[in-house]
1. Out of curiosity, is residue 331 outside the structural domain of residue 445 (by TED's automatic domain parsing) and either closer than 29 Å to residue 120 by Cβ or buried (at least 23 other Cβ atoms within 10 Å of the Cβ) (or both)?
2. Output the residues belonging to the range 148-182 that are surrounded by fewer than 16 Cβ atoms within 10 Å (Cβ to Cβ), part of a loop (DSSP other than H, G, I, E, B) and within 36 Å of the chain's Cα centre (by Cα).
3. Whether any residue in the range 485-498 is crowded, with 24+ Cβ neighbours inside 10 Å, in the same structural domain as residue 409 (by TED's automatic domain parsing) and under 27 Å from residue 523 (Cα atoms) is what I want to check.
4. Which residues, taken from the range 61-94, are surrounded by 16 or more Cβ atoms within 10 Å (Cβ to Cβ), modelled with pLDDT under 85 and either over 24 Å from residue 167 (Cα atoms) or over 28 Å from the mean Cα position of the chain (by Cα) (or both)?
5. For the range 205-231, which positions are crowded, with 23+ Cβ neighbours inside 10 Å and over 16 Å from residue 331 (Cβ atoms)?
6. With respect to residue 573, determine if the residue is at pLDDT 95 or above and in a helix (DSSP H, G or I).
7. Answer yes or no as to whether residue 726 is touching a helix residue (DSSP H, G or I) at 6+ places or on another chain (Cβ under 7 Å), at pLDDT 95 or above and not in a loop (DSSP other than H, G, I, E, B).
8. For the range 461-483, what are the residues that are under 12 Å from residue 419 (Cα atoms) and assigned to a helix (DSSP H, G or I)?
């Protein structure tokens, strides 16, 4: 305990900047009669405290810290007396260490009340914020987190705002983005060509455009959205056509949870996520009779909803008073403002240049976005509980970005600075620093220069903020990944060590890093494609893994992908190849008649695929579980083409039901290398089609077969290797029906099951696994 009447030097590390921590310390010190000062440094918050109530002071810091803060470490050292007569907030200091940066946070209730209070000087001001809410990461150029180090630097505080900033009793005391209509950023409406629209109120004018079915580019916290009235079918169809998004679901924003409840079923945990300060897009199961146009989320049993999270968003929904007015729109489509396969747009100039011809107007402002941050996407999942056989509802990330990035994943131990470059699909990177893995926001698919540039910009910023210069670069083994090519060039240019980490080992490594797993684990890594150590395409993998290496213990039977990448986009090709392997060539067309493939594609198309299906030059082999789901989706006529990644698998999952427990037979060949073969199950599936069995039953039986096969293989590997820990990862485990069935099956056998909870199980989590495993291998002497 602290001495009752002495002087202490206190250092607090964690998320303690940009969350009202210094004002909290100041007011607490004044309340308890503590003398001294508080200051931001690159290391965290430092406090010099002197007085008779030091024990209570430290206890209250830990107990009553601001809700958006997160204390990771408190260091207390006896100090010489300060000799100060009162307590003050001192100017921030620079330094060589680092502190954690706060993510962007949604508008708080107090600011929302002021936004719609007619007499308030910030009435309807789109940039209202305080120490408890508003922009953080997206506007921060460097640390310490002070106005001079943000994109608010050019906006000098007016006298009333400056008075609030200096007043310890005000909730805007030392609020760095503080502003008002007199001194802060302003909103402007531009027409389709980027010319300023002369109007009394740009927001009101924008609302009228939305009412008329127009498409609007809206500059938000971390980038642009494209918005339209979600209830206007013609507007939604126009948006889909202009963005060339044939079937990809659009995200929705609604100001009213009750309306969301009319469209979807909502659990208490999902409502908690919707209302949380992070305000992610939450995937919710559609009700049978949705009141939204089908074109919002065609062929999908889920809708992605979020609540408004900026003042500007609320102004689009409510014209004057939020308390006694009905929303102007039940919901708006809010899809990412970007060109296909490019990152989200962050500047006004880029928006006008790139979205010309897509939108009818631009609602912009002059507060620069320094770090672009896309919306986070989450869903809930029944995860393993703390006690045997228990399950708990947890968050499962599809995309971890705004509201969460760049929050780190805590690691068990210290180590060198390692950069995990991620994969090329859903790219993120991870940067280890001390006992943390700093996770970037969603970067995107590494298919072009724009995405690579975004990767480099974000890396440069986080490296500077966290004083982290990589000593080791971890990358994926795929020779054609842009992220891997970049890693090789960077390492050579900067004389940094390199380590390739196999794709599926990195998936399992991400789970090990999250949960601090030590020793051997059975890793089940199911995804679409990953480059194997033998040069073939893996994707349905059973690994015996630990932090110093892994062994491939089993996999799904290889299937041919006719046309390579074309087969990924056109699952019907994989279906034809899979059926050929199952039935053999004799009377093949007759055998597959119940699938309807002949009617949909014709004899010539199918025969052309058959000609190349067995030729490795044109049809690489893959053990990918994602390709198996694609094939089955096409076999039963659920989806023949992937207009976006995972569409066929999602269509198949949408058909599956929990109340059907039948399953198709699966052949599992146990030996030195376990092989799981679904060929006979597919024969039974086609027979079900011949008997006109409904697709819901077929999809359910298939899901149960895959889950059952996973459980059987894992149990066998557990007995053979005396391993009780199981890690599940890879994009296929975004399938809730499959994942929850597998978890129940493994828990029934007394196995400890771990899944991704802090990063996505898809390729966005790869970077964490890469960085963690490479650092552990380096610490273990795998590199000089």
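1. Spelling it out, residue 331 is indeed outside the structural domain of residue 445 (by TED's automatic domain parsing) and either closer than 29 Å to residue 120 by Cβ or buried (at least 23 other Cβ atoms within 10 Å of the Cβ) (or both).
2. 153, 154, 156 - these are the residues of the range 148-182 that are surrounded by fewer than 16 Cβ atoms within 10 Å (Cβ to Cβ), part of a loop (DSSP other than H, G, I, E, B) and within 36 Å of the chain's Cα centre (by Cα).
3. Looking through the range 485-498, at least one residue is crowded, with 24+ Cβ neighbours inside 10 Å, in the same structural domain as residue 409 (by TED's automatic domain parsing) and under 27 Å from residue 523 (Cα atoms).
4. Scanning the range 61-94 gives 82, 92.
5. Across the range 205-231, the qualifying residues are 206, 217, 219, 220, 221, 222, 223, 224.
6. When the stated conditions are applied, residue 573 passes them.
7. yes
8. Result: 462, 463, 483.
The values are calculated or read from the model by the stated rules, or taken from the named source; none is laboratory data. No experiment lies behind these values; they were computed from the predicted model shown. All Cβ positions, glycine included, derive from the backbone under ideal geometry; neighbour counts span all protein chains shown.
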